[in-house]
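The next block holds one structure in the form of structure tokens; read it before the comments.
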Amino acid sequence: MILRYLARRLFLLGFVFVALTVFVFSLNYLFPGDLVSNLTGMRDISPQKHQQLQQMLALDHSLWQQYIAYNRRLLAGDWGLSFASQQPVLAEIMQVLPATLELAAYALCLSLFAGIPLGLLAAVKKDSLLDRCISGIALVGYSMPVFWLALICIMLFSLQLGWLPTSGRLGVLFEVPSQTGFIFVDILLAEHVSRSAAAYSALQHLAMPTFILAVYPTNVMIRFVRTSMLEVLEQNYIKTARAKGLSRSQVLYRHGLRNALLPVTRQVGLQFSTLITLAMLTEVIFSWPGIGQWLIDSIYQRNYPAIQAGLLVVSSLVICVNMLTEILHTLFNPLARKL
Amino acid sequence: MNFSYCRFGSLSLVLWLTGCQPATVANSGQGLVYCAEGSPESFNPQLVTSGTTIDAISQHLYDRLLDIDANSGDLLPALAQQWHISPDGLTYRFKLRPNVSFHQTDYFTPSRYLTAEDVVFTFNRMLQVEHPFFQTATEYPYFDSIEWRHRVKSITALSSDEVEFKLNQPDSSFLSVLATDFAAILSAEYGAQLVAQQQKPLLDIQPVGTGPFKFRQYQKDVLIRYYRHDNYWRQHGDIQQLVIDIVPDNTKRLAKLLTRECDIAPIPRLAELQMFSNRPDFKVEQQTSMNVAFWAFNTQKPPFDRVEVRQALALAINKPNILQAVYFGQAEEATSVLPPNSWAYRKQNLVQSFDPVKAKELLTQAGYPDGFSIDIWAMPVQRLYNPNAQKMAELIQADLRAIGVKARIVSYEWNTFRRKLRQGEHDSVLIGWSADNADPDNFLRPLLSCAAAVSGSNRANWCDEQFDQFISGAVQTTDVAQRRSYYLAAQQYLQQQMPLMPIAHSKRFQVKNSSVQGVTINPYGGISLVNAGKTP
């Protein structure tokens, strides 16, 4: 039963990937400029080399075969060169993606840790002063533009108070070579550096971007958990449990929470794409060297191979996370498997 | 209910306390952070002219045969301890300093001290086609503009510590050329190693010099990291690490100064200087710099081929207004290409005041009673000599409208901009020049000589035999009074011909954290951090 479900999901995933690669592949034709250049990222190709490349890219064959060849290259890790730096695009992405993942992951954790308890609290104390405060704050946070909030925070915490740095991931005087791309792991691996001081600096750099990025998902989470919990509390089985004599907290933890949090797992997946979009904005404001900043730079530079690769990676990431949370949701909730 | 309120309260208290703990975002230890406005184009000063690159590399990584005294403009011994000029002015002999060591890095370990061979290797690169590294660069912009290949006949090592330059004709500006930031001494041994490894391009990417800092790491658009060169031949400060943090955005650079992420930052926006000068924890340093901002007319294109038109346009511009609006009063009005602190400066009080009526008359004389349309190219970047070319262009546009000339403001991305300028595609351009040494030749030759019109640094595309005679005459004599008279004549001639209109000589500003000492700004080039130190 569950295996069939997984197979069905995997089939869907494959289908989405085919659609995605077809789209990205077709961009090569839609972008202006030479097709061979767009596909390989090489510039100033000599006529002789051009001929050679055409053969390698299967350009003398049908579109279908070109697409197959394109996919084969993707799987082999040959994603072409960046126009700007003439370095392999995939390697560049591997340099910047961890920074984004790190930022997004911390922000997501923060939003879960803050959002779920606050939402529950608001639901349990429905219509109390506390509920109104939490809901009010959530509404304000929900409607505040990220970039505006970020600038205000920079003004306050960096320029006025001088507590937090304004940009980057680490103080520039710490020489921490990028090995994994995850800053704390890199600090652990680095030599000749005071690790505690470096980690402290990394934390300082992380604090503001994480907080800013977490604001929106936290507020979504509060509102969502509150609604979901209220719905669950209306259910008959809750009333039954109360009638059977379970205490208020027993009912909440055993019957309320588990059922109310089920839709939340799904919500995490749905929020992930928004989170990545916001992460890109946050990265630009805080000069965070992640994929968002990289992709936006690539767009300014008309760096087509980089735009394609960035698109592919970000979309795949979002699709995978969506699928994963969907599957988790199903595993936790037997009712969903029937659908 | 009370319990949950309490919990919420204590949570926010904890957050507040942890937020309070760090007092400042201090940079650790014995490191200095200099926030630069852009990435360097190369790590070899021979290949560049941009002030940003020179600031980032030359004084830190390299030494020159001679140095310039920042205050008096006199030449001082550096890698050359003594020098001797033959009576005919054609032969220059330099005695080199002993025991000067090159950088030891991950990619190179020197086996010997500096010798005459290194000097020959360095300067022959621009001179001899058969030099192994001649072909690795497409141009040597500074040395091309001063016609190095025509000036210098040969360079030979007489012994391990003596080197001889033979010139084709007497040249009194020659020593100044050797003292510029571009004349950095490279290692011949490193060159030989790269030839053996077939890695020639690395000479300009992974630098080896004799300077106070050695190269460690470079990430484009992010940072440059230097370590202290412990065997440096001079006394130097105790900075163990120098990081050049690349922050192109002005506002971010200022913010980083405030959060102490930067210790020093150059050319802060003039408008914000007031804020810093009021704070005790920052120090604003200024230096009258050898530079000029100008409006160059492409004299190859009509209507700019007419002297009257150029004169008229120059008369139509309200310079004091520009000085107020663009430089916030922190610059001197330029009347000549040479700044007033140059010894060859000529105060020109004859014409050139703001006079739109006369300008209109001149245009009528030239056959343009109804005016015409022109393009003004405004450079897209902020430079010391011109902090805001766009705004300047708008002011000029308004002034020109008064005499019936319609101006359109054009700008491109910086690299494209410079390429198109070199190809002479512009009508007129707002740009400028920062001097590399104290010699007046360094302004007039690269900006206005015929050779510079070919190499592309002559933005007016102006080639005039009379003018070339003046500046050639001036360098063929060592008599200062005689040189001076040549330069005065040249400046007067420029005043009549007006191939470009000098606008302002800007002061150089930088803001630094008060805990940093020993920073010197050289009016002729890059910033020097040899003696820099930091009190904790």
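Only the coordinates and a few stated rules stand behind these numbers; no lab work does. What you see is a predicted model; the values in this text were computed from it and never measured. Glycine also receives a Cβ, built like all others from the backbone with ideal geometry; neighbour counts cover every protein chain displayed.
Please state the relative contact order of the range B:291-508 as a whole percent: Cα pairs under 8 Å, 6+ residues apart?
On the way: 400 pairs, mean separation 76.1, N = 218.
Computed value for the range B:291-508: 35 percent relative contact order.
Given a Förster radius of 35 Å and the C-beta distance between A:MET144 and B:SER515 as r, what FRET efficiency does 1/(1 + (r/R0)^6) yield to the nearest 0.05?
On the way: r = 38 Å, r/R0 = 1.07.
Computed FRET efficiency for A:MET144 and B:SER515: 0.40.
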Highest mean first, what order results for B:224-234, B:330-340 on Cβ atoms within 10 Å? B:330-340, B:224-234
Dipole size in debye (nearest 20) for the protein assembly as shown around its Cα centre, Lys and Arg Cβ +1, Asp and Glu Cβ -1? 3900 debye
Dipole-positive endmost among A:ALA202, A:GLY245, A:LEU281 within the range A:96-300 (Cβ charges, Cα centre): A:GLY245
Inter-label distance, nm, simple model (7 Å from Cα along the C-beta direction), B:ARG234/B:GLN169: 3.5 nm
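Given a cut-off of under 8 Å on Cα pairs at least six residues apart, what relative contact order in percent is computed for chain A? Each step should come with its number before you reach the end.
Working: 364 pairs, mean separation 83.3, N = 339.
25 percent.
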What list of ³J(HN,Hα) couplings, whole Hz, do you get for the range B:423-436 from phi and the Karplus terms 6.51, -1.76, 1.60, once you set θ to phi - 60° and write x for glycine and proline? 7, x, 7, 8, 8, 8, 9, 9, 8, x, 8, 10, 6, 9
Anchor A:LYS126: lysines whose Cα lies under 20 Å away (excluding residues fewer than 8 positions away in-chain): A:LYS239
Report, in whole Å, the centroid distance computed from the Cα atoms of the range B:163-198 and the range B:428-487. 22 Å
Take the range B:97-212, drop everything but the C-alpha atoms, weight them equally and run the Debye formula without solvent; then report log10 I(q)/I(0) at 0.19 Å⁻¹ to two decimals. -1.12
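Averaged across A:154-162, how many Cβ atoms of other chains sit within 10 Å of each residue's Cβ atom? Working shown, then result.
Working: counts 3, 1, 0, 3, 6, 4, 1, 6, 9.
Per-residue shielding by partner chains comes out at 4.
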If you take all C-alpha pairs in the protein assembly as shown, what percent of them are over 42 Å apart? 47 percent
Please provide three numbers in whole Å: the alpha-carbon extents of chain A along the principal axes, with the largest listed first. 84, 57, 37
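Dividing the convex hull volume of the alpha carbon atoms of the range A:2-76 by its residue count, what do you get in Å³ per residue?
On the way: hull volume 7.0 nm³, N = 75.
Dividing the Cα hull volume of the range A:2-76 by its residues yields 94 Å³.
At R0 = 22 Å, how high is the FRET efficiency between B:ALA196 and B:THR156 if r is their beta carbon distance? Nearest 0.05 is fine. Walk me through the numbers before you get to the answer.
Details: r = 24 Å, r/R0 = 1.10.
Rounded to the nearest 0.05, the efficiency is 0.35.
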Give me the mean projected area, in nm² to one decimal, of the convex hull enclosing the Cα positions of chain B. 30.2 nm²
To check my understanding: the extent here is largest minus smallest coordinate of the Cα atoms along each principal axis. What are those three numbers for the range B:374-414, in Å, largest first? 30, 17, 10
For the pair B:ARG279/A:GLN179, report the inter-label distance in nm, with labels modelled 7 Å from Cα in the Cβ direction. 3.8 nm
According to the Kirkwood expression over distinct Cα-Cα pairs, how big is the hydrodynamic radius of the range B:297-358, in Å? 13.3 Å
Show me the ranking of peptides A:313-319, B:200-206, B:382-388 by mean Cβ neighbours inside 10 Å, starting with the highest. B:382-388, A:313-319, B:200-206
In terms of modelled amide H atoms, which long-range or inter-chain residues lie less than 5 Å from the amide H of B:MET379? B:LEU430
Longest to shortest principal axis, alpha-carbon extents of the range B:291-508, angstrom: 48, 37, 34
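What average count of beta carbons from other chains do you get within 10 Å of the Cβ of residues in B:250-260?
Numbers: counts 0, 1, 6, 0, 2, 7, 7, 0, 5, 11, 2.
What the average comes to for B:250-260 is 4.
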Amide H contacts of B:LEU223 (H built 1.01 Å from N, under 5 Å, at least 5 apart or other chain): B:ILE246
Between B:TYR107 and B:THR477, the two model label points (7 Å from Cα along the beta-carbon direction) sit apart by a distance in nm of 4.9 nm
Compactness check, the range B:393-536: C-alpha Rg relative to the 2.2 N^0.38 Å globular estimate gives 1.33
Which aspartates and glutamates have a Cα lying under 15 Å from the Cα of B:LYS347, excluding residues fewer than 8 positions away in the same chain? B:GLU332, B:GLU333
By a straight-distance test (C-alpha under 17 Å), which lysines pair with B:LYS256 as possible cross-link partners, with residues fewer than eight away in the same chain excluded? B:LYS283, B:LYS512
Out of the range B:288-355, which trypsin sites (Lys or Arg not before Pro) are coil in DSSP terms and have no more than 11 other C-beta atoms within 10 Å? B:LYS347
Note: B:30-41 gets an average of partner chain Cβ contacts (10 Å, Cβ to Cβ) equal to 1
Please work out the Cα center distance from the range B:304-326 to the range B:199-269, rounded to the nearest Å. 39 Å
What FRET efficiency comes out for A:THR274 versus A:LEU151 if R0 is 30 angstrom and r is the Cβ-Cβ distance? Round to the nearest 0.05. 0.90
Enumerate the calculated ³J(HN,Hα) couplings along the range B:276-283 in order (Karplus 6.51 cos²θ - 1.76 cosθ + 1.60, θ = phi - 60°), each rounded to whole Hz, writing x wherever the residue is Gly or Pro. 6, 5, 7, 9, x, 7, 10, 10
